[in-house]
Amino acid sequence: MYTRASHLMLMLLALMISACGGGGNSTHSTPTEEVPETPVEPSNPEPTDPEPTDPEPTDPEPTDPEPTDPEPTDPEPSDPLMVNGDFENGEVSPWVGNSGEVVLTNISSQSRSGGNSLQISGRTQNWQGALYGLTNRVVEDSTYHISAWVRMDNVASSNVSMTVKVSDGNGDNYLPLAQGTATDTGWIELAGNYTVATSGEVAEIAFYIEGPDAGVSYLIDDVTVTDINDDDLLRVDVEHLSALVEFPIGVAVPAGDAGNSVLNSPERQAIVEQHFSQITAENIMKPSYLQPSEGRFFFDDADALVAYANNNGMSVHGHALIWHFQIADWMANYSGDAQAWQQMLEAHVTEVASHFEGQLDSWDVVNEAFLDDGSYRNVDVGNDLGSVWYQNIGPQYIEYAFNAARAADADVDLYYNDYNISWNDTKLDAILTMAQDFLDRDIPISGIGFQMHVDKSGPGKAKIKQQFQKVVDLGLKVKITEVDLRMNADGRATTLTNQLLLQQKARYQEIVEAYIETVPPSLRGGISVWGIADPDTWIVPLYGNPDWPLMFDDQFQPKPALQGFANGLAVIP
Ligand code: G3I
């Protein structure tokens, strides 16, 4: 066990009376007693009186200076932090059972990502499980974020927990790191921070998953151990994000009369022009902005934004021609029969799409027409707002919009856009049934837009890939249109810690990897982030919790998330 203490002890022996009492865990205890500093030379010593005039004869300069003692550096652990955390090598090692009865099997019938996971069976006690040794992998005083995904195997659900075991001069200590309820229908994450604080001779540091009753077997996958203060992991070294790939890398930007409009913000322009090849208007190309009163169209702000994009070599994704929200009151309260409503809809789509004909890459033609239960958005249901389009025209309004858009612009890509479809099978399947019908009846649809307003806990990579694959199987393009990553959906965080920064980095990376690994180049409509920097996000005003869902911080500086995104783009499909 490599302890910073053993190296410093020489220097500080007299000082470290009681080193780091309670072991660290996610609530890691700081050392119990302030360690007094060694008296050292003050950095600006008082001026001393000058020496008398007849100086001592000086010795000649010795050629090779005396070798000085090297500065004690932090000891490097002998073993890498995580080996075989994703079980993709088909092996079990270095995982061991924490008791002789435990049977560990690398299986390929179920996984959270990739093809394999680890099955833990043969358990006769609820504390038995798969154990991972950290003894030669961690450094004293460092903090590690340990994360493991768990799924029940032979029962519907069970409590599970992650425990760190420390055997040192204080005997055996068991530190609870995380707990939860796992089921056999999905994966849950157990995660927490452990700060190494041992005393005396360290026999063993390890962590394991325990909890289910005897006889219950479970699976684990995608286990990671991350040194959350590891500068290498926190470092961002991305010159031009969008230059890493051929397809569009986009960002939603505020414009028009928005106080944070990109057109009036040099900091935001710098980020957009350095890293993105496409922009989406966050609001000003929505119906209420473009046709504020019947027959009166207002394109000035949108034209200025499109010009800005084109002048900076960026394309534009239009958002959105038809939506049940952000439509002007005259439109929402329009009176007329279904035919009149159809004509009003087609007039809006035709006017807007022909105005921007040849200037845009793609449009979200219809946004959010389905509910999470797979039904069409119709009347208000609970928190789900209804759709005046469906109420007055029926489901045909969707194909009317696509046909009108294509008639107005022969080349622009036409997307159906929605949220929760990166994990909600029922909703995506209903949308794809509509898309298949459109393909069968030659209604011009180019692809499906996945909004992907997700958070740190999911959906996982395997699930996202599954959803993308369904669209690819129809030969339709896949576009991630609005990705952002809530890091504080439960409202428990008050600050953006290194741990959250690294979790967010890993999440952006796996989402982008899922895209590259699943969507063939010919069907890549692009990946857009819903906002430039954290202060611009819609999430905080709406949900009220502090949050940091984007790739640039409140100083417009890149976050490790940008590196995660770039790493994802670099994955070989
Ligand atoms: O422009 C008015 C301003 O004049 C007024 O003073 C201010 C105070 O109320 O409101 C401003 O309008 C706000 C508008 O954003 C522009 O900032 C609206 O209240 C506010 O509701 C609107 O929020 C937008 C939201 O869509 C509306 O649903 C968010 O910025 C935008 O990020 C969000 O984006 C949606 C996508 O279009 C579709 N998918 C989900 C995504 C997130 O909700």
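The values are calculated or read from the model by the stated rules, or taken from the named source; none is laboratory data. Since the model is a prediction, treat every value here as computed from it, not as a measurement. Methodologically, a virtual Cβ is constructed for each residue, glycine included, from the backbone with ideal geometry; neighbour enumeration extends over all protein chains shown. Protein only, heavy atoms only, side chains kept; ligands, DNA and RNA dropped before computing areas. Shrake-Rupley method; radii C 1.70, N 1.55, O 1.52, S 1.80 Å.
Using the structure shown, decide if residue 233 is among the hydrophobic types (A, V, I, L, M, F, W, C) and under 30 Å from residue 499 (Cα atoms). Yes; evaluated as a whole, the condition is true for this residue. Taking the numbered list (1) of a type outside the set (A, V, I, L, M, F, W, C); (2) in contact with a helix residue (DSSP H, G or I) (Cβ under 9 Å, 6 or more places away or on another chain); (3) within 16 Å of the ligand (Cβ to nearest atom) in turn, residue 518 passes all entries but (3). For the range 462-476, a tally of residues being in contact (Cβ under 8 Å) with a residue 24 or more places away in the chain and either within 16 Å of the ligand (Cβ to nearest atom) or not hydrophobic (A, V, I, L, M, F, W, C) (or both) returns 6. How many residues are of a type in the set (S, T, N, Q) and within 20 Å of residue 247 (Cβ to Cβ) when one looks only at the range 524-573? The number of residues fulfilling the criteria is 3. Taking residues in the range 81-105 that are within 23 Å of residue 127 (Cα to Cα), and partners anywhere that are of a type in the set (Asp, Glu) and part of a loop (DSSP other than H, G, I, E, B), the pairs with Cβ atoms closer than 8 Å and at least 6 places apart or on different chains are 84/91.
The set of residues in the range 537-571 being more than 16 Å from the ligand (Cβ to nearest atom) and in a helix (DSSP H, G or I) consists of 560, 561, 562, 563, 564, 565, 566, 567, 568, 569.
Taken together, the residues in the range 288-300 that are open to solvent by less than 50 Å² (accessible area, probe 1.4 Å), of a type in the set (Gly, Ala, Ser) and more than 10 Å from the ligand (Cβ to nearest atom) amount to 1. Within the range 244-272, the set of residues being closer than 14 Å to residue 312 by Cβ and open to solvent by 40 Å² or more (accessible area, probe 1.4 Å) comprises 263, 266, 269, 270. Across the range 217-235, the qualifying residues are those that are part of a loop (DSSP other than H, G, I, E, B) and surrounded by fewer than 18 Cβ atoms within 10 Å (Cβ to Cβ), and the one among them that is farthest from the chain's Cα centre (by Cα) is 217.
From the list 307, 255, the lone residue that is within 11 Å of the ligand (Cβ to nearest atom) and either among the aliphatic types (A, V, I, L, M) or more than 23 Å from the chain's Cα centre (by Cα) (or both) is 255. Scanning the range 517-537 for residues that are over 25 Å from residue 466 (Cα atoms) and free of Cβ contacts under 8 Å to residues at least 60 places away in the same chain yields a count of 2.
For the range 463-485, does any single residue satisfy the condition of being at pLDDT 95 or above, farther than 30 Å from residue 402 by Cβ and either open to solvent by less than 40 Å² (accessible area, probe 1.4 Å) or within 18 Å of the chain's Cα centre (by Cα) (or both)? The answer is yes, given that some residue of the range 463-485 is at pLDDT 95 or above, farther than 30 Å from residue 402 by Cβ and either open to solvent by less than 40 Å² (accessible area, probe 1.4 Å) or within 18 Å of the chain's Cα centre (by Cα) (or both).
Within the range 540-557, residues that are open to solvent by 50 Å² or more (accessible area, probe 1.4 Å) reach partners that are among the β-branched types (Val, Ile, Thr) and assigned to a loop (DSSP other than H, G, I, E, B) with beta carbons closer than 8 Å, at six or more positions or on different chains, in the pairs 546/494; 546/495.
Of the residues making up the range 159-169, at least one is of a type outside the set (Ser, Thr, Tyr), at negative phi, open to solvent by 30 Å² or more (accessible area, probe 1.4 Å) and touching a Pro at 6+ places or on another chain (Cβ under 9 Å). Screening residue 285 against (1) more than 16 Å from the ligand (Cβ to nearest atom); (2) open to solvent by less than 60 Å² (accessible area, probe 1.4 Å); (3) part of a loop (DSSP other than H, G, I, E, B) leaves a single unmet condition, (1).
Looking only at the range 403-426, which residues are among the charged types (D, E, K, R), farther than 19 Å from residue 484 by Cβ and either at pLDDT below 95 or buried (at least 19 other Cβ atoms within 10 Å of the Cβ) (or both)? Correct list: 406, 409, 413.
Every condition in (1) at positive phi; (2) within 16 Å of the ligand (Cβ to nearest atom) holds for residue 479 except the one numbered (1). Could you check the range 288-297 and list, in sequence order, the residues that are farther than 13 Å from residue 329 by Cβ and within 36 Å of the chain's Cα centre (by Cα)? 289, 290, listed by residue number. Here the range 436-461 is the region considered, the condition is being away from the ligand (no atom under 16 Å from the Cβ), of a type in the set (Gly, Ala, Ser) and buried (at least 19 other Cβ atoms within 10 Å of the Cβ), and the residue that is farthest from the chain's Cα centre (by Cα) is 446. Within the range 539-556, being over 23 Å from residue 315 (Cβ atoms) and within 17 Å of the chain's Cα centre (by Cα) holds for 539, 540, 546, 547, 548, 549, 553.
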